[in-house]
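Asker: This is the structure, below, for whatever I ask next.
Rule-based calculations on the coordinates, nothing more; no lab input. Just so it is clear, the model here is predicted, and its values are computed rather than measured. Don't worry about glycine lacking a Cβ; one is built from the backbone with ideal geometry, like all the others, and counts go over all protein chains shown.
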């Protein structure tokens, strides 16, 4: 860094703005060196990222060498608009989420983040601090990286709210997990059975129907009949069908109605639905 700075000061190198960002490239006046060389990010150190983790997790370094929030904020400030959605496919400790929330608090932005993190297991021997934290403080039976990701976003959000009590900040977030679809299996008598890999709540079942219907996660899913019927925009989603659900749906006019093809729905109920919904009744798998 000092060598580059001295050459800029001496005029051997010069700074040139990179496209329409706030970053600058270091260029040489010599024709054979007139190319992209460096992009300077000064004042950001790995140790800063470690200190942030220790501050958030009460002195415990549960994730080693994360990128410092100040670095990520600088990148976002220079390259995003206030209403952008930022997608991070390698969420790690959740630095991206904290950077987005802090930047929104600073410039009143409305950026949103989507973090993706595989359930990568934490090795007890290699990452003892992280493993013990997830096991003992979070109650995780099988500690994974995403345990730390989620907990950091929670704690960072709480910290930002305390520091910005005078601002109307929305720092809420939702957590979703990918699970295997149900599968048909045969027993020794060749009887078909439906094997579920997860025990989903009625709301989660309705949410999955809505997603299969093309709705996005930011849409409001309303409960119409407790644990039975839900609505999102112009569609209804049946989780459990009974006379109350049938009576309600008979009063609808144009909305499509979705049911899960894997559900053990009573044949009579299905035929009743089909009799008055006709082409409005949709089955998804």
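Asker: Counting only C-alpha contacts under 8 Å and six or more residues apart, can you give the relative contact order of region 60-123 as a whole percent?
Answerer: 38
Asker: Between region 158-235 and region 74-129, what is the separation of their alpha carbon centroids in Å?
Answerer: First find each Cα centre; the distance between them is then 22 Å.
Asker: Run the numbers on region 46-164 and let me know its relative contact order in percent, using alpha-carbon pairs under 8 Å that are six or more apart.
Answerer: This gives 25 percent for region 46-164.
Asker: Return the ratio Rg/(2.2 N^0.38 Å) for region 105-180, where Rg is computed over Cα atoms only.
Answerer: Here the Cα radius of gyration is 1.33 times the empirical estimate.
Asker: With an 8 Å cut-off on Cα pairs and a minimum separation of 6 or more residues, tell me the relative contact order of the chain in percent.
Answerer: 8
Asker: Run lengths n ≥ 4 of DSSP H only: what is the helix-derived mean residue ellipticity at 222 nm for the chain, with -39500 (n - 2.57) per run over all residues, to the nearest 500?
Answerer: -10500 deg cm²/dmol
Asker: OK, next. Take region 183-283, drop everything but the C-alpha atoms, weight them equally and run the Debye formula without solvent; then report log10 I(q)/I(0) at 0.11, 0.19, 0.23 Å⁻¹ to two decimals.
Answerer: After summing over all Cα pairs, the log10 values are -0.35, -0.94, -1.27.
Asker: When the convex hull of the C-alpha atoms of region 46-164 is computed, what volume per residue in Å³ does it have?
Answerer: 97
Asker: Could I get the Rg over Rh figure for the chain? Both from C-alpha atoms, Rh via Kirkwood, rounded to two places.
Answerer: Checking Rg against Rh, the ratio lands at 1.12.
Asker: So for the chain: antiparallel DSSP bridges make up what percent, rounded to the nearest 5?
Answerer: 60
Asker: May I pose another question? Subtracting the Cα-Cα distance from 0.36 nm times the residue separation, let me have the gained length for residue 81 to residue 158 in nm, one decimal.
Answerer: Extra length from residue 81 to residue 158 when fully extended: 25.3 nm.
Asker: Per-residue counts of other Cβ atoms within 10 Å, averaged by peptide: what ranking do you get for 204-216, 176-188, 61-73, highest first?
Answerer: 61-73, 204-216, 176-188
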